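Please read the structure below before turning to the comments.
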Amino acid sequence: MTDTIEARGLTKRYGDRLAVDELTFTIQPGRVTGFLGPNGAGKSTTMRLVLGLDAPTSGTVTVHGRPYAELLHPLHTVGALLDARAVHPGRTAAHHLLALAQTAGIGRARVDEVLGLVGLSDVAGKRAGTFSLGMSQRLGIAGALLGDPPVLMFDEPVNGLDPEGIRWIRGLMRELAAEGRTVLVSSHLMSEMALTAQHLLVLGRGQLIADTGIDDFLRLHSEETVLVRTDETDRMARLLRRTGATFELRDDALLVLDRTAADLGRLAAAEGIALSELTPSRGSLEDVFMALTHDSVEYGVRA
């Protein structure tokens, strides 16, 4: 049995509000899955359903083939960070983790180990209530790692982290996935998800919009453009017009909208035009995400 998170027809209503609508997906080990969606899309609700903190109205969600409540050793199976501030402010970082560890038969040595992994060894004796949001995030991540679980879930883990901390957690997520773990990470930072995730789950108004690799997501939902630079810009522009290509002038370059880089290279070579740059690109993850979820935004700015 693999360490997957599986949802089948997962639905959750709060009164008249449909928060999660017939979600079916499988989150696989060995990769970082980015969990994306506008505010109110249902990401946090879905995570709470996975962890048994809320009960589904209908459908099922399992971890390692079982509902969370039926796991024999939950802390050793799933590690989660949903709210970095959900810590008793009077406890020290070490005592907070030790209290968690003792519920699962985990020794003090592991507490010291995870404090070192997240960079909190020097403040292990400080009260959690004095921590910045970034330090609280690190403590929450330490708690998630405490049982060395094969499945990990993080809700907005980069909030409050400085650039060094963001780079650190990016590397950590990648390392955990490379070890064969199942890693689910939600975030509103599209630029960070583009650097961290290999797979995407995208929600809009509780429904699944996309479940695909990040490269496929960009390829399916954005057009490729090619930036062309040459010392013979005018001549290249005339050639593009003659062949019916669509392009825009960008300072000293040409942005071609409907030809591949290979096509343009062959075209220029046939005419003896030397190119100094031929760069294909697609829309950013942020651009594609915003376009795809435009109609799913719960709170938007009206023009």
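Looking only at residues that are within 16 Å of E224 (Cα to Cα) and small (G, A, S) in segment 249-289, which one is surrounded by the most Cβ atoms within 10 Å (Cβ to Cβ)?
A261
Yes/no per residue for (1) of a type in the set (F, W, Y); (2) at positive phi; (3) assigned by TED's automatic domain parsing to the domain that holds A178:
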{"position": "A197", "(1), (2), (3)": "no, no, yes"}
{"position": "I209", "(1), (2), (3)": "no, no, yes"}
{"position": "R238", "(1), (2), (3)": "no, no, no"}
{"position": "A245", "(1), (2), (3)": "no, no, no"}
{"position": "D251", "(1), (2), (3)": "no, yes, no"}
{"position": "R259", "(1), (2), (3)": "no, no, no"}
{"position": "A268", "(1), (2), (3)": "no, no, no"}
{"position": "V288", "(1), (2), (3)": "no, no, no"}
{"position": "A291", "(1), (2), (3)": "no, no, no"}
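Would you point out the residue of segment 141-190, among those that are touching a residue at least 24 places away in the same chain (Cβ under 8 Å) and among the acidic types (D, E), that is farthest from G79 (Cα to Cα)?
Step one: list which residues in segment 141-190 are touching a residue at least 24 places away in the same chain (Cβ under 8 Å), which gives 141-162, 165-166, 168-170, 172-174, 176-178, 180-190.
Among the residues that remain, those that are also among the acidic types (D, E) are: 148, 155-156, 162.
Numbers: D148: 8, D155: 12, E156: 14, D162: 23 Å.
My answer is D162.
How about segment 97-129: which of its residues are under 27 Å from the mean Cα position of the chain (by Cα) and not aliphatic (A, V, I, L, M)?
If the condition is that a residue be under 27 Å from the mean Cα position of the chain (by Cα) and not aliphatic (A, V, I, L, M), then E113, G116, G119 are the ones that fit.
Enumerate the pairs (first residue in segment 81-93 and charged (D, E, K, R); second residue anywhere and at pLDDT 95 or above and surrounded by fewer than 17 Cβ atoms within 10 Å (Cβ to Cβ)) with beta-carbon separation below 7 Å, excluding pairs fewer than 6 apart on the same chain, so at least 6 apart or on different chains.
R91/R127
Of everything in segment 1-41 that's of a type in the set (D, E) and in a loop (DSSP other than H, G, I, E, B), which residue is farthest from E179 (Cα to Cα)? Steps first, please.
First, pick out the residues of segment 1-41 that are of a type in the set (D, E): 3, 6, 16, 21-22.
With the extra rule that they be in a loop (DSSP other than H, G, I, E, B), the set shrinks to 3, 16.
Working: D3: 12, D16: 42 Å.
Filtering segment 1-41 for residues that are of a type in the set (D, E) and in a loop (DSSP other than H, G, I, E, B), the one farthest from E179 (Cα to Cα) comes out as D16.
Any idea which of E113, E156, E192 is surrounded by 14 or more Cβ atoms within 10 Å (Cβ to Cβ), among the charged types (D, E, K, R), assigned by TED's automatic domain parsing to the domain that holds T33 and on the phi > 0 side of the Ramachandran plot? Full working, then the answer.
Numbers: E113 fails: on the phi > 0 side of the Ramachandran plot; E192 fails: on the phi > 0 side of the Ramachandran plot.
That would be E156, the only listed residue that is surrounded by 14 or more Cβ atoms within 10 Å (Cβ to Cβ), among the charged types (D, E, K, R), assigned by TED's automatic domain parsing to the domain that holds T33 and on the phi > 0 side of the Ramachandran plot.
Restrict the check to segment 102-109 and report whether at least one residue is at pLDDT 95 or above and hydroxyl-bearing (S, T, Y).
For segment 102-109, residues at pLDDT 95 or above and hydroxyl-bearing (S, T, Y): absent.
Counting only residues that are part of a helix (DSSP H, G or I), at pLDDT 95 or above and touching a Ser or Thr at 6+ places or on another chain (Cβ under 8 Å), how many does segment 218-238 have?
Final tally of qualifying residues: 1.
Can you name the number of the only condition in (1) farther than 24 Å from Q28 by Cβ; (2) hydrophobic (A, V, I, L, M, F, W, C); (3) touching a residue at least 60 places away in the same chain (Cβ under 8 Å) that V78 fails?
Answer for V78: the failing condition is (1).
Could we say that D215 is of a type in the set (D, E), in a strand (DSSP E or B) and closer than 30 Å to T26 by Cα here?
Details: of a type in the set (D, E): yes; in a strand (DSSP E or B): no; closer than 30 Å to T26 by Cα: yes.
No.
With the requirement that a residue be surrounded by fewer than 14 Cβ atoms within 10 Å (Cβ to Cβ) and free of Cβ contacts under 8 Å to residues at least 40 places away in the same chain, what does segment 56-73 give you?
Passing the criteria: R66, A69, E70, L72.
Could you please let me know if D231 is out of contact with any Asp or Glu (no Cβ under 8 Å at 6 or more places or on another chain), in contact (Cβ under 8 Å) with a residue 12 or more places away in the chain, surrounded by fewer than 16 Cβ atoms within 10 Å (Cβ to Cβ) and not assigned by TED's automatic domain parsing to the domain that holds L120? I'd like the intermediate steps shown before the answer.
Details: out of contact with any Asp or Glu (no Cβ under 8 Å at 6 or more places or on another chain): yes; in contact (Cβ under 8 Å) with a residue 12 or more places away in the chain: yes; surrounded by fewer than 16 Cβ atoms within 10 Å (Cβ to Cβ): yes; not assigned by TED's automatic domain parsing to the domain that holds L120: yes.
Spelling it out, D231 is indeed out of contact with any Asp or Glu (no Cβ under 8 Å at 6 or more places or on another chain), in contact (Cβ under 8 Å) with a residue 12 or more places away in the chain, surrounded by fewer than 16 Cβ atoms within 10 Å (Cβ to Cβ) and not assigned by TED's automatic domain parsing to the domain that holds L120.
The values are calculated or read from the model by the stated rules, or taken from the named source; none is laboratory data. Please read these numbers as outputs of a predicted model, since none were measured by experiment. Cβ atoms come from the backbone with ideal geometry, glycine included; neighbour counts cover every protein chain shown.
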